[in-house]
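Down below is the structure, laid out as structure tokens.
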Amino acid sequence: MTEAAPTILLVDDEEHSLASMRMALEDDFDCLTARNADEAMVLMEEHFVQLIFCDQRMPGRTGVEFLTEVRDRWPETVRIIITGYTETNDMIAAINDAGIYQFLTKPWHPDLLVMTAKNAADLFRLNREHDRMSLEMRYLSRSVETKLDEKRKALREGLGFENVLRGPNSPMNAVIAQARQFASFDVSVLITGEAGTGKTDLARAMHYSSLRSDRPFHEINCIGVDDDILELELFGARRGAVPGVQSNKAGLLQKADRGTLFLNGIAELSPKMQLALVNVATEGAFRPLGSHEVVRTDVRLLAGSSRDLRMDVAEGQFRGDLYFALAKTTLNVPPLRKRLEDMPILAQHLLFEAAGTHGKQVYGLSDDALKFLENYDWPGNLRELENEMIRMLVFSQDQLLGPELISRHILQAAPTDAPGVTPVDMVLEGEGTLKDRVEQIEMRILRETLTRLKWNKSRAANELGLSRVGLRAKIERYGIVEPGKPALTPEED
């Protein structure tokens with residue numbers, strides 16, 4: 001029996017906005033529409049509505065006033081407000097009075113609308129599951145309550161593959177499709193990809209989509225960790241075997257028994273640690289430090305590497321028996337530069353996450369800012385993007401973040417498939433005349449300076465040591481156009 005689609009209520013006084021939202025959401029949701037708060041209230045009384053998208057400015061009651069009443073009468077319904085304005089007082093009232101889950105600004109991106117709706121539906125489902133389990137816990141013993149706590153935590157933290165953000169045509173979709181198949185088979189999987197591409201998130205999603213989802217998920221990063229520390233963390237130790245350890249210490253292989261252990265950075269393992277892990281990967285057996293007894297563990301091993309381990313095996317730098325034990329099958333996570341169409345969703349999500357952490361309200365990124373972000377190769381992948389969003393948030397003065405906040409090296413960038421190769425390196429090592437190569441660098445410096453100074457030509461000319469006439473001539477020569485404005489004509493000053 002097919003599960004019924006969640007019911008969503010769309011409230012907006014503009015017909016074309018309602019039609020656009022319905023078109024974006026109707027494949028995944030049962031959509032109800034209303035043109036004002038009164039019509040919406042009638043629908044709320046007649047239907048079981050899980051989430052609401054409501055415009056702020058409408059004839060009669062505002063979105064905040066309507067959602068405040070919804071909060072009082074149907075507190076479980078997830079409330080999302082859409083606004084094209086920046087009234088600070090209204091927004092503060094929305095937080096305090098209506099209990100808003102999230103803001104969306106006009107014009108909204110269809111992918112962001114769908115992702116927000118799916119996350120809100122997940123939140124509604126999790127809240128109801130939480131309430132149901134809380135009721136059950138009143139009648140269960142303390143030991144069962146502990147198990148329910150673990151399941152509830154898994155539900156909240158392990159939203160599975162929905163937690164891996166991506167667009168409808170993302171290269172990640174093929175990876176996720178494979179990972180879903182591998183997740184249900186109890187085999188070791190090697191996840192490869194550059195540092196910062198989200199290998200840990202994918203491993204966690206595979207665990208929570210597997211038959212071991214009600215058991216623990218643990219992870220350890222092997223990069224730069226001393227062998228003695230790594231042995232202690234993985235295998236544990238008997239009392240007295242390690243200075244400072246006064247009692248038996250359980251290692252991750254014991255803690256993750258019947259669950260999943262993700263070993264990230266295995267390419268950096270020393271020969272000693274590779275040998276120690278062979279028996280674990282092949283037999284599920286190991287010895288804690290200071291013990292003569294073999295301990296067995298039923299743990300599923302997932303491994304991550306930013307290097308091609310097949311080459312390391314061929315060159316004798318990694319044990320072949322360990323490689324083939326860990327790589328029953330492999331998944332490759334593409335770098336961020338290969339999935340730039342995911343940039344709007346990823347950047348906005350990381351920005352909102354940072355804003356929530358630091359208590360600073362923002363509406364999102366402008367289209368011009370997103371264009372610059374999509375024009376950069378992101379050698380640091382998601383970690384670098386997260387850092388950039390935090391940096392932009394810190395320096396932002398407006399709630400819609402523009403390109404002038406972006407780091408200078410990103411503003412000057414040109415897309416490239418070579419990680420770590422800067423635009424300047426490409427020009428210096430490329431072909432062409434000296435004049436052409438110098439002009440490429442000059443054009444990028446001009447575009448970055450104008451963008452950073454919000455197209456104040458007097459300040460840009462002064463910083464670059466040019467006259468306004470000279471700056472204007474270079475702008476025309478390189479065809480640099482201010483976003484949202486037509487190209488300069490010879491008559492303009």
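The values are calculated or read from the model by the stated rules, or taken from the named source; none is laboratory data. These numbers come from a predicted model, not from an experiment. FYI the Cβ positions are ideal-geometry reconstructions off the backbone, even for glycines, and counts take in every protein chain you see. Surface accessibility is based on the protein's heavy atoms, side chains included, excluding ligands, DNA and RNA. Shrake-Rupley method; radii C 1.70, N 1.55, O 1.52, S 1.80 Å.
Data table
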| read-out | value |
| --- | --- |
| Efficiency of FRET from Cβ geometry, ALA174 and ASP321, R₀ 30 Å, rounded to 0.05 | 0.50 |
| Cβ-based net charge around GLU233, under 14 Å, with every Lys or Arg adding one and every Asp or Glu removing one | -3 |
| Charge tally in the Cβ shell below 12 Å around ALA461, where Lys, Arg are +1 and Asp, Glu are -1, ALA461 excluded | +4 |
| Cα pair distances of region 188-324 binned at 10 Å [whole percent] | 12, 42, 36, 10, 0 |
| For region 244-354, size of Cβ-based charge dipole, Lys and Arg +1, Asp and Glu -1, in debye | 120 debye |
| Centre separation in Å (Cα based) which lies between region 187-232 and region 348-377 | 28 Å |
| Most to least packed among 20-28, 51-59 [average Cβ atoms within 10 Å] | 51-59, 20-28 |
| Pairwise label distance in nanometres, ASN332 with PHE48, each label 7 Å out on the Cα-Cβ vector | 4.6 nm |
| Spin-label proximity, ASP312 to region 273-293 - amide N less than 15 Å from point 7 Å beyond Cα toward beta carbon | 273-278 |
| Student exercise, region 314-411 dipole from Lys, Arg, Asp, Glu Cβ charges, in Debye to nearest 20 | 280 debye |
| In Å², nearest 10: area of TYR101 left accessible to a 1.4 Å probe | 80 Å² |
| Local electrostatic count at VAL49 - Lys and Arg +1, Asp and Glu -1, tallied over other residues with Cβ under 12 Å | -2 |
| ARG258 paired with GLU341, simple spin-label distance in nm, labels 7 Å along Cα-to-beta-carbon | 4.3 nm |
| Length added when fully stretched, ASP228-HIS16, from 0.36 nm per residue minus Cα-Cα | 69.9 nm |
| Kirkwood hydrodynamic radius of region 324-406, Cα pairs, Å | 13.7 Å |
| Backbone HN-Hα couplings from phi across region 220-225 [Karplus 6.51/-1.76/1.60, Hz, Gly and Pro as x] | 8, 9, 8, 6, x, 9 |
| Reciprocal of mean inverse Cα separation for region 258-359 (Kirkwood radius, Å) | 16.5 Å |
